[in-house]
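A quick write-up on the structure given underneath.
The values are calculated or read from the model by the stated rules, or taken from the named source; none is laboratory data. All values derive from a computational prediction rather than experimental measurement.
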Amino acid sequence: MSVSLLATAGCAVGRGQQTVGAYVDDSAITTAVKARMVDNKNVDAAAISVETLNGTVMLSGFAKNADEKKVAAELAWKVDGVKAVKNEILVRP
């Protein structure tokens, strides 16, 4: 049951790219970042994608303004295990 949950956590990492333990950690980070975004009224979690590889979180998608983009990155940094955040969110004109 937990294996299928981890496989659908939204992480774009293949099994051959890292150890199972690292994959589980990255999946947990991705899930935690998304959960923080869902809980935050200043971020549209549906418009932002989160992927994690070796502790580096990649944020992509669209934000309504620069503040939303900034808050999304701040939320990612607050998750345990995050080593870096690459914020590629585009602000809609």
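Does Lys70 satisfy being assigned to a helix (DSSP H, G or I), modelled with pLDDT of 95 or more and among the charged types (D, E, K, R)? Write out each step before concluding.
Details: assigned to a helix (DSSP H, G or I): yes; modelled with pLDDT of 95 or more: yes; among the charged types (D, E, K, R): yes.
Judged against the criteria, Lys70 is a match.
So, of the residues in the range 40-88 that are charged (D, E, K, R) and within 11 Å of the chain's Cα centre (by Cα), which turns out to be farthest from Ala28 (Cα to Cα)?
First, pick out the residues of the range 40-88 that are charged (D, E, K, R): 41, 44, 51, 64, 67-70, 74, 78, 80, 83, 86, 88.
Now drop any that are not within 11 Å of the chain's Cα centre (by Cα), which leaves 51, 86.
Details: Glu51: 11, Lys86: 17 Å.
Ranking the candidates gives Lys86 first.
Filtering the range 16-39 to residues that are of a type outside the set (Ser, Thr, Tyr) and over 13 Å from the mean Cα position of the chain (by Cα) leaves Gly16, Gln17, Gln18, Val20, Gly21, Ala22, Val24, Asp39.
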